[in-house]
Amino acid sequence: MTKVYPQSVLPPRYQKARKKKKSKNKKDDIGVLSLLAASLRHQTTEFFNNSTLHGVRYIAEKERPFCEKFMWFSFTAIGAVATCIIIVSLDTDFHNWDVPFPAVTICDRNPLDEELLQEYIDKAWPAGAPANATEMLQWLATLSFRSIAESASLFVTQHDLVGHTAGDAPAPALDPKDAVFSIVQRCEAAFYDCEWKGDSEECCDFLVPVFTEMGFCYAYNSRHAEKSWPWQSQAQSELFTEAYIHETDSKWSFMFNSFRNTSVIDIYIHSTEEMAGLEQSAQLSWDHRVEKVSFSVKHTYTTEDARQLSIRQRRCIFADEVKLETSPIYTYSACMRQCRMQRSRSYCKCVPHFYPKTKGYRQCSVRELECIARHAAAITDVSRCACELGCSHTVYEVEKLTEIDSSKGPVASNALETEFVSWPMVRYKREVLFGWVDLLVSFGGIAGLFLGFSLLSGVELVYYFTLRACCAAWRDGDALRRERAERLARPKPPYNLSLVPWWKKPPEPQDASPLQVKAKNLQPPKYSPPPLYTQYLP
């Protein structure tokens with residue numbers, strides 16, 4: 001006869017079987033992903049507990065408090081991130097560089113427009129132009145320290161040109177920069193049919209007036225070009241947009257045509273942050289017999305770890321390290337230009353008009369250029385300017401000049417193209433040969449090779465003998481007291497101080513009994529002379 005039990009009074013063996021069946025059904029309900037997640041969790045714990053990586057086993061210890069786990073997690077995460085940064089810091093993807101195109105400064109040795117010159121003379125001297133008025137205006141348009149030293153005395157002594165006093169001086173003598181703007185050729189009258197990377201462009205959208213230490217010029221892609229001028233068709237943006245080339249461009253060149261096919265034009269190719277000046281010679285004096293200038297680029301940059309060195313040690317200055325009054329970016333030419341401006345101001349209280357208008361610097365009138373002429377040698381003395389190269393600088397060298405093929409056409413050309421001779425794939429890097437990171441890596445590599453030591457090993461060393469020791473003393477004080485009492489109660493083992501090697505005379509077996517300690521008050525034995533001691537006495 002089968003016994004029927006209610007649910008609440010089932011025998012224990014039936015209740016146990018029922019529980020096993022329920023747990024089995026519950027296990028069957030767990031999905032594969034949940035099992036995989038549980039397995040990964042278990043394997044992660046096992047890996048942390050048995051890994052040779054320093055610090056990770058403390059993250060998996062269950063008895064560790066959360067603050068310690070978070071501390072070790074932070075240490076290992078910082079170490080992993082620092083390792084990845086050092087590994088991936090190599091600069092090898094040179095094909096994706098944005099290569100800046102250089103600034104091209106075009107300086108016509110005779111930039112005057114004859115019609116504008118005559119109009120200005122009639123306006124400035126309505127009663128009649130004095131002698132040498134044309135020569136003085138031409139001199140102002142091509143003003144340089146050399147021409148100031150050579151010709152200033154020819155004009156400042158003529159009162160018809162500069163006036164008897166500052167009050168009766170004519171307009172050209174008071175504001176020579178405005179006079180130059182009024183008599184030089186406009187952009188549309190000087191250039192036409194420009195091309196940038198093979199595409200036709202409006203010349204006056206690219207070529208901007210600029211005053212240099214060699215006189216009035218036009219510049220392409222220059223950061224120091226004029227922001228405004230009298231015949232400006234549209235306002236220039238205050239933000240300079242640098243021109244770049246890419247490896248996939250059809251051409252890496254800038255080309256312009258000049259209406260002035262009878263005058264010599266000096267071509268300066270330099271970095272956009274630099275400015276044509278006394279520190280640079282013209283790469284080409286274009287007499288219209290060359291149609292293409294091919295140049296190469298050598299760019300040198302300095303890594304940030306060099307900032308730990310002084311300027312005297314590294315012999316260069318970072319772009320944001322020294323603040324200049326005349327330029328937001330430090331360059332060697334900007335520093336030298338500011339030095340000459342400061343010396344001009346100290347000698348003559350003013351600077352020539354080919355320098356930019358800067359707060360604290362007043363531009364000289366024509367009469368005051370006589371003072372500049374007297375001190376021109378001291379102002380242009382390079383040894384008096386403490387300037388260093390920029391830590392990032394670029395040098396452009398002309399590699400090839402393509403002359404016109406006289407057999408195919410005229411011997412003079414109105415077009416000049418400036419281009420890269422090849423894709424620039426070389427950059428020079430200036431860095432600290434052995435810095436703090438290199439020292440750390442060197443010491444760490446040696447210690448890791450012979451001792452398996454790492455940076456986290458040092459953290460563990462400090463951790464064990466500071467935080468862990470203090471926590472153990474506070475948490476396990478009773479166990480430490482028992483251990484200390486047992487250690488002090490344990491008898492001290494004997495020490496064999498014999499220097500005889502063990503293979504000659506093995507040590508005597510030690511008795512398990514403790515050492516016998518002699519009483520301190522025992523008297524020494526009575527002295528007995530050696531045998532036959534008295535026989536040798538006299």
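Being buried (at least 16 other Cβ atoms within 10 Å of the Cβ), farther than 28 Å from Leu433 by Cα and basic (Lys, Arg) is true for just one of Arg260, Arg314, Arg289. Which residue is that?
Just a single option satisfies the conditions, and that option is Arg260.
With the structure loaded, tell me whether Lys62 is over 16 Å from Leu456 (Cβ atoms), surrounded by fewer than 10 Cβ atoms within 10 Å (Cβ to Cβ), modelled with pLDDT of 70 or more and basic (Lys, Arg) or whether it fails that test.
yes
Check whether at least one residue in the range 336-343 is touching a strand residue (DSSP E or B) at 6+ places or on another chain (Cβ under 7 Å), more than 30 Å from Ala415 (Cα to Cα) and open to solvent by 50 Å² or more (accessible area, probe 1.4 Å), and report yes or no.
No; the residues of the range 336-343 include none that is touching a strand residue (DSSP E or B) at 6+ places or on another chain (Cβ under 7 Å), more than 30 Å from Ala415 (Cα to Cα) and open to solvent by 50 Å² or more (accessible area, probe 1.4 Å).
If I ask for residues that are free of Cβ contacts under 8 Å to residues at least 60 places away in the same chain and either under 21 Å from Gln280 (Cα atoms) or open to solvent by less than 70 Å² (accessible area, probe 1.4 Å) (or both), which ones from the range 406-443 would you list?
Gly409, Asp438, Leu439, Ser442
What do you reckon, is His393 buried (at least 16 other Cβ atoms within 10 Å of the Cβ) and either closer than 19 Å to Tyr332 by Cβ or hydrophobic (A, V, I, L, M, F, W, C) (or both)?
Working: buried (at least 16 other Cβ atoms within 10 Å of the Cβ): yes; either closer than 19 Å to Tyr332 by Cβ or hydrophobic (A, V, I, L, M, F, W, C) (or both): yes.
In short, yes.
Based on what the data block shows, is Leu401 open to solvent by less than 40 Å² (accessible area, probe 1.4 Å), closer than 19 Å to Ser281 by Cα, at pLDDT below 95 and over 32 Å from the mean Cα position of the chain (by Cα)?
Criteria not met by Leu401.
Go over the candidates Arg475, Arg468 one by one and state the one that is modelled with pLDDT of 75 or more, more than 30 Å from Glu247 (Cβ to Cβ), more than 31 Å from the chain's Cα centre (by Cα) and open to solvent by 70 Å² or more (accessible area, probe 1.4 Å).
On inspection, the qualifying residue turns out to be Arg475.
Which of the residues spanning the range 195-211 are open to solvent by less than 40 Å² (accessible area, probe 1.4 Å), over 13 Å from Val104 (Cα atoms) and assigned to a strand (DSSP E or B)?
Phe211
Conditions: (1) open to solvent by 50 Å² or more (accessible area, probe 1.4 Å); (2) within 32 Å of the chain's Cα centre (by Cα); (3) touching a residue at least 40 places away in the same chain (Cβ under 8 Å). Tyr192 meets all but one. Number of the miss?
Condition (2) is where Tyr192 drops out.
Checking Glu279 against (1) open to solvent by 50 Å² or more (accessible area, probe 1.4 Å); (2) closer than 21 Å to Ser200 by Cα; (3) within 32 Å of the chain's Cα centre (by Cα), only one condition comes out false. Which one?
Here Glu279 clears every test but (2).
Just for the range 212-243: of the residues that are open to solvent by 50 Å² or more (accessible area, probe 1.4 Å) and among the polar types (S, T, N, Q), which one is nearest to His270 (Cα to Cα)?
That would be Thr241.
Assuming Glu486 fulfils every condition listed in (1) closer than 30 Å to Gln308 by Cα; (2) out of contact with any helix residue (DSSP H, G or I) (no Cβ under 8 Å at 6 or more places or on another chain); (3) open to solvent by 70 Å² or more (accessible area, probe 1.4 Å); (4) of a type in the set (D, E, K, R) apart from one, which condition is it?
Status for Glu486: all satisfied but (1).
Quick one: would you say Cys371 is hydrophobic (A, V, I, L, M, F, W, C), in contact with a helix residue (DSSP H, G or I) (Cβ under 7 Å, 6 or more places away or on another chain), assigned to a helix (DSSP H, G or I) and touching a residue at least 24 places away in the same chain (Cβ under 8 Å)?
In short, yes.
Would you tally the residues in the range 102-150 being open to solvent by 30 Å² or more (accessible area, probe 1.4 Å), in a helix (DSSP H, G or I) and hydroxyl-bearing (Ser, Thr, Tyr)?
So the answer is 1.
The values are calculated or read from the model by the stated rules, or taken from the named source; none is laboratory data. A quick note: this is a predicted structure, and the numbers were derived from the prediction, not measured. Cβ: placed from backbone, ideal geometry, glycine included. Neighbour counts: every protein chain shown. We work out accessible area using only protein heavy atoms, side chains counted, and drop any ligands, DNA or RNA first. Shrake-Rupley method; radii C 1.70, N 1.55, O 1.52, S 1.80 Å.
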